[in-house]
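The values are calculated or read from the model by the stated rules, or taken from the named source; none is laboratory data. Computed from a prediction, not measured in an experiment: that's the story for all the values here. Every residue, glycine as well, gets a Cβ built from its backbone with ideal geometry; the counts of neighbours run over all protein chains shown.
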Amino acid sequence: MIKRIMKYITRAVFCLLFVAATSQAASWQWILPQRVHGLVKEGSGLWIVDVRTPSAFERGHIEGALNIPVDRFISRKFPKDTLLVLADDSLGLRNARTGADALLKTGYQKVFLLDGGIPAWQQEGLPVAGARLDNLRMVTLEDLGWARSNSIPLRIYDLRNSEERTKGPVEGAAELKGKTIDERLNAFVAVLGVPPTGKGLAVKLEKPVPVVLVLPTDKQPLEKVRATVRDLPGDFRYLEGAYPIWAARQKQNPLPGPEVCPTCPGGRAKK
């Protein structure tokens with residue numbers, strides 16, 4: 001009887017260990033940009049895989065990266081014993097996450113996501129090839145919905161005037177004071193804690209938390225925004241045109257996920 005009980009216990013422990021090992025093997029991991037750069041310098045043979053489109057890759061990319069868009073992962077064969085680091089600049093690294101999940105399902109185990117993505121690599125001042133990487137990227141309504149559903153930390157600032165904000169409020173967006181777009185952009189820089197020269201941050205984040213700027217509809221000040229953030233460290237995004245739809249959708253069917261709080265640590269309000 002005792003032997004039979006011990007046999008059952010041993011079998012149960014084995015099953016638990018097998019499940020834990022399988023679960024651990026079937027998940028991707030984060031890896032910091034400096035760690036990746038160090039491994040590359042050591043000649044480790046890892047692959048940095050840029051999952052963006054070829055056009056985005058040509059404009060600028062991490063030095064030494066291979067461009068394999070995420071929609072080609074199914075037909076692409078990777079060396080099974082090679083450490084794969086997926087690099088991306090989509091909001092919340094959504095495309096890289098999709099690619100990592102696809103690789104894991106086909107049996108690859110050494111799969112990593114570049115922590116903070118290409119914006120973090122850029123902020124660290126690590127080597128890039130091609131033209132200067134832009135630190136201002138567009139987001140869509142659907143991007144923001146996915147980010148909130150997946151608890152992706154972000155900060156939202158509203159560059160519109162008071163009249164436009166009243167007509168189409170964006171939930172969770174911080175109001176920027178000022179009569180003109182230039183005054184509101186100056187207020188935005190002041191909130192970040194950046195000196196007028198654009199050099200340095202009062203508080204440097206460990207990795208870039210995406211900052212989304214809501215643009216006016218009457219006259220899109222995109223070039224002014226681009227010039228403002230060009231020399232600022234961080235991951236900046238802009239929402240163009242879609243926010244009236246977003247505001248209407250929020251009233252009818254609020255997006256799931258945590259409240260967005262521009263002034264809270266990590267961009268989320270405490271509950």
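Close contacts from segment 143-161, counting a first residue that is in the same structural domain as LEU192 (by TED's automatic domain parsing) and within 16 Å of LEU213 (Cα to Cα) and a second that is in a strand (DSSP E or B) and among the acidic types (Asp, Glu), with Cβ to Cβ under 8 Å and a gap of 6+ residues or different chains, come to ASP158/GLU175.
Does segment 98-114 include one or more residues that are of a type in the set (Phe, Trp, Tyr) and touching a helix residue (DSSP H, G or I) at 6+ places or on another chain (Cβ under 7 Å)?
Filtering segment 98-114 down to residues of a type in the set (Phe, Trp, Tyr) leaves 108, 112.
Next, only the ones that are touching a helix residue (DSSP H, G or I) at 6+ places or on another chain (Cβ under 7 Å) stay: none.
Scanning segment 98-114, I find no residue that is of a type in the set (Phe, Trp, Tyr) and touching a helix residue (DSSP H, G or I) at 6+ places or on another chain (Cβ under 7 Å), so the answer is no.
Within segment 59-88, being surrounded by 13 or more Cβ atoms within 10 Å (Cβ to Cβ) and acidic (Asp, Glu) holds for GLU63, ASP71, ASP88.
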